[in-house]
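Worksheet: one structure, shown below.
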Amino acid sequence: MNKPDHNAYDPRAQPQAVPPRWVRWLLTRLHPKDTLEEVEGDLDELYAHWYNRSGKTRATLRYVLNVVSVLPPFVRRRKQTKQDYEHLSSLHPAMLRNYLKIAFRNLARNSTYSLLNVAGLALGMTCGILLFTLITYHLSFDNFHPQSDRTYRFVTEQHRETISYSRGVPAPLGKAFRTDYTFADKVARLATFDDMLITVKQGQAMAKYKEPEGVAFAEPDFFGMFNYPLLNGTRATTLTEPNTAILTERLARKYFGDASPMNQLIRMNNKIDLRIVGVLKDLPINTDLRAEIFASYATLNQYDAWLASDDSWGGIVSSMQCFAQLRPGITPQQVERVLPAYVKKYRPTSKNVHHYKLQPLADMHFDARYGGAMTKTNLWVLACVGLFLLITACVNFVNLATAQALNRSKEVGVRKVLGSVRGQLFWQFITETGLITVTALLLSLLWATILLPVVNEWFGARLQLKLFSDWQLPLFLLALTVLVTLFSGAYPGLILSRFQPILALKGRLSQQAIGGFNTRRALIVTQFAISQTLIIGVIVIANQMRYAQQAELGFNKEAVVMVSLATNSKPQTQHTVANRFSALAGVKKVSLCQAAPASRSNWSTSPRYDNRPEDEPFAVNVRGGDDQFMSLFDLQLVAGRNVYPADSVREFVVNEAFVRKLNLTAPGAVLGKMLSLNGDRFKGPIVGVIRDFHDKSFHEHIEPMCISTVAENYDYYAVKIDLPMAQPTLAGLDAIWSQTHPDQVFAYQFLDEQIAEFYETETLMLTLIQAFAAIAIFIGCLGLYGLVSFMAAQKTKEIGIRKVLGSSTGQIIWIFAGEFTRLILIAFIVAMPVAWFAMSRWLQTFKDQISIGPDVFAFAMLGTFLVAILTVGYRSIKAALMNPVNSLRSE
Amino acid sequence: MRRTYLGEFEEVVLLMVAILDGEGYGVTVSQALEEHTGRVVTFGTVHNTLIRLEEKGFVVSELGGATAERGGRRKRLFRVTALGSRALQEIQQLRQELWQLVPPQSLQLSSL
């Protein structure tokens, strides 16, 4: 041991100059490790210095104080970057360039792998983009009106034995509310009627246009509440006088070309002249009000005097809507509290008790009870499906990427030896994933653009991909890219960057090392569970649809053409036309009727039976039809007889449901009893009872119904034709009709098409879920293919040895087949209860439903197996047939 | 002119490192500080400042060889870098230029 010199600081040399042990212990525990040695030494030295100068107590005090000054949080930490060579940050341009270059090389080398990845991701992202567009489109409905949070629509709950809902209110309600109360700033009634005939004088000729979106009669305040800007004309004077109208730019151009439409005349239904006093900008796509001609409300009494009158409290039609903009601070509940007074005053005895409610403008598009186009639930379901598909696509990516990981172990090894740290490797793989994601994004944008018209047709929507004009979609795309990249790149990135370089370079990485074959199995199971759930959904929905379309409707809908009556035609003319129709060679039968037996058009009222003092507590649907109606549609009589020909209500035929509602058992019991509808407006004896038929969609029960000769309500000629002669017959119908009504437009529709419209939503759901299931299966198969390829590469040697030892090809294929059979079975066990639960819930919305049998599940599983076998078959057979010499030769 | 900000205390510590000329480490810098300026500061302040100066590139450090002194614990010895010495010179020059601009009577008056 060296002898210390006189002012040495070695504490061992001067045993008395030892600082307190507990303080030093504190220092060693808490001071950063990398500077501990020098700091401990320095402080010892200082202690000795203070000790020599001012004694033990002061030295100890100063020592404690100074130790505390180098403890966290006071101490500054030395940065860790001090190393022998310089590390470039992962975000350094040189590194980024390198990542991109390597990524491109890797993708180009494994082109199959890249293709599978890009295709899978692009498919998922296409669905994501389309569904996002669809959902934002629906959420944007009518959200552009000023003060829309204070704007409400009056709607009606009709309380009978059951509650039904209508978006309409009695016409006088709006006027009464406006004069009686001061709750609202603005109140406007709006009566909309579809399918209007518009005649415009163009030069000498009269041009006829059928406007399917029809005409709206609007009170002036309407345009104060709804933001449909006027191009010409002033708002103050617009739509106050009778026989004035404003129309959209589009229609103005259609009717008048480039000439100014102002003060021009158009004629509506050959009856009402309208002078154009303003032009509206074309309606935005995201509004539920589609009428493009707005006539002044004062004109309504020329169109429908009853509706326009102040005492039409008796009934409601969905055409008549009323909107109100409440004053700030007024709650809808306040308003709803005063509305029952109107019911008490104007409908004191009615069995149909009205409850008027205020519906916020924001709910208008989403409340199916009041005719909203798309419920929020459906939007959520779509969003979930979209998310599912995206997850499947990402899962697929993770699967393929981890399967590829082994092939890249050498690269990772070399990189690590050359100084890569984990973070860098991780970001390298994220960059690669990002590259694939961006490629997939571009591809999916292309696909989405191509598919958009199809989606628009399915949903009856007017979607646009607003890539540049709007911030929502670009933001979504950015978020999508980032999330998909992170979600699908993170796991493979972590796995790859974790490799031990020595093992990786020696090629000694086992399956365990690359992070669990089991993870990938779980992912495959997830994918297949999703696709099998969707497949079961497809089968159930398809079965129910087939059942609905083939089931006994109770009447014959084949080969029936529904020809619209001319507006304002007299009964005499109608009969003449009907007779001339019957004379045509291809026509079997003609009936004048209000609507087909099953129809959306609905007239229901509370009946009074057998001169009882009160109306019955249920509603009856009334169908107008002449004496030919029942035979044309093959409606079966169970008691009594058909009605006699008449032009007004003389006799009634009712259905079995009507008899049941009266708590009678024998259908014959109602024969000869009197029936009155709408007060005593329609009255006559019941002469027959017909077998029940489905008058609405299968979602609904069969309601009480009666048929009578209500000539004033006839809307159609139902024409039974000889199908092989359809073309000339339709031409003949057109000729006769147009000859009789030269000023109107001939229109017809086949009945089975009309009925198919009932099931529009279901057909749409079927198409959608088919598409989604197909996509899910496809993506799932990509994943399976990736898994099998990986297995084949892994087991090359094993297969070689097995073959040398005498395995048959079949046994080797079973290695693969057994694997995916097990996975699909597990997926199936997961999917079965989920699908069963979801589909039972869906089926409950139908009154007549199929049951979900085991055949559905068997079929779903077989289907999945078949697709899976096709996917993995080629790859596994190729692996099994490989010559063992090739796989065993090199070691 | 853009340069890394050098605080007053940092400047003094940097000067001490320059004065000690290769012999500067925690203890000597603290003692020199006390001796030349009369300022008594905690060891942590000096330690932190030295680290900060190194991060800014004004000094470099290396661990001295292990000796039997202080229980064989190594010292971290600091040297001023070119950047550090330029920073000191610039400050010096700036001060000088500013002194030139001060009218002689103003300081005399205020100091009286």
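The values are calculated or read from the model by the stated rules, or taken from the named source; none is laboratory data. Source: prediction; values computed, not measured. Positions of Cβ are generated from backbone atoms using ideal geometry, with glycine treated the same way; all protein chains shown enter the neighbour counts.
Here are some notes:
- Residues that are more than 7 Å from chain A (Cβ to nearest Cβ) and either surrounded by fewer than 18 Cβ atoms within 10 Å (Cβ to Cβ) or among the small types (G, A, S) (or both), drawn from region B:16-29: B:A18, B:I19, B:D21, B:G22, B:E23, B:G24
- If you go through region A:92-111 and keep only what is surrounded by 12 or more Cβ atoms within 10 Å (Cβ to Cβ) and more than 18 Å from A:L418 (Cα to Cα), you end up with A:L100, A:A103, A:F104, A:N106, A:L107, A:N110.
- Subset of region A:644-684 that is touching a Pro at 6+ places or on another chain (Cβ under 8 Å), hydrophobic (A, V, I, L, M, F, W, C) and in a helix (DSSP H, G or I) - its residue that is nearest to A:T605 (Cα to Cα): A:F658
- Residues that are within 47 Å of the chain's Cα centre (by Cα) and at pLDDT 85 or above, drawn from region A:644-663: A:F652, A:V653, A:V654, A:N655, A:E656, A:A657, A:F658, A:V659, A:R660, A:K661, A:L662, A:N663
- Within the option set A:N678, A:N663, being under 17 Å from A:R608 (Cα atoms) and free of Cβ contacts under 8 Å to residues at least 12 places away in the same chain holds for one residue only, A:N663.
- Number of the condition not met by A:G419 [criteria: (1) in contact with a helix residue (DSSP H, G or I) (Cβ under 9 Å, 6 or more places away or on another chain); (2) at positive phi]: (1)
- Being surrounded by 14 or more Cβ atoms within 10 Å (Cβ to Cβ) and modelled with pLDDT of 90 or more holds for only one residue in A:V200, A:V155, and it is A:V155.
- Any hit, region A:474-495, residues being modelled with pLDDT under 85, at negative phi and among the β-branched types (V, I, T): yes
- On the stretch given as region B:38-53, residues that are within 8 Å of chain A (Cβ to nearest Cβ) and of a type outside the set (K, R) total 7.
- Strands (runs of 3 or more DSSP E) fully within region A:542-643 counting 3 or more residues that are closer than 30 Å to A:V670 by Cβ, more than 41 Å from the chain's Cα centre (by Cα) and in contact (Cβ under 8 Å) with a residue 24 or more places away in the chain: A:637-640
- For region A:458-475, the criterion of being in contact (Cβ under 8 Å) with a residue 60 or more places away in the chain, of a type outside the set (A, V, I, L, M, F, W, C) and in a helix (DSSP H, G or I) is met by at least one residue.
- Candidate set: region A:349-371, residues that are part of a loop (DSSP other than H, G, I, E, B) and farther than 18 Å from A:R189 by Cα; chosen: the one farthest from the chain's Cα centre (by Cα): A:T349
Here's the yes/no breakdown for (1) within 19 Å of the chain's Cα centre (by Cα); (2) among the aliphatic types (A, V, I, L, M); (3) in a helix (DSSP H, G or I); (4) modelled with pLDDT of 80 or more:
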| residue | (1), (2), (3), (4) |
| --- | --- |
| A:A373 | yes, yes, no, no |
| A:W380 | yes, no, yes, yes |
| A:T402 | no, no, yes, no |
| A:N407 | no, no, yes, no |
| A:G419 | no, no, no, no |
| A:F429 | no, no, yes, yes |
| A:A440 | no, yes, yes, yes |
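- Count - residues of region B:11-24 that are of a type outside the set (A, V, I, L, M) and within 11 Å of B:A87 (Cα to Cα): 1
- Residue satisfying condition, being in contact with a strand residue (DSSP E or B) (Cβ under 7 Å, 6 or more places away or on another chain) and not aromatic (F, W, Y), within set B:L88, B:L15, B:L50, B:L83: B:L50
- Enumerated strands (runs of 3 or more DSSP E) restricted to region A:235-348, each holding at least 2 residues that are farther than 15 Å from A:R189 by Cβ: A:244-248, A:265-268, A:272-280
- Out of A:T392, A:T375, sole residue that is closer than 30 Å to A:G783 by Cα and touching a helix residue (DSSP H, G or I) at 6+ places or on another chain (Cβ under 8 Å): A:T392
- Which listed residue is buried (at least 19 other Cβ atoms within 10 Å of the Cβ) and either assigned to a helix (DSSP H, G or I) or aliphatic (A, V, I, L, M) (or both), from A:A726, A:A731, A:A718, A:A735: A:A718
- Among the conditions (1) crowded, with 21+ Cβ neighbours inside 10 Å; (2) over 22 Å from A:G120 (Cβ atoms), the only one that A:E753 does not satisfy is (1).
Residues are listed down the side, and each one gets a yes or a no for (1) at pLDDT 85 or above; (2) over 18 Å from A:T871 (Cβ atoms); (3) not assigned by TED's automatic domain parsing to the domain that holds A:Q532:
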site	(1), (2), (3)
A:C781	no, no, no
A:L787	no, no, no
A:G800	yes, yes, no
A:K803	yes, yes, no
A:G806	yes, yes, no
A:G810	yes, yes, no
A:L825	yes, no, no
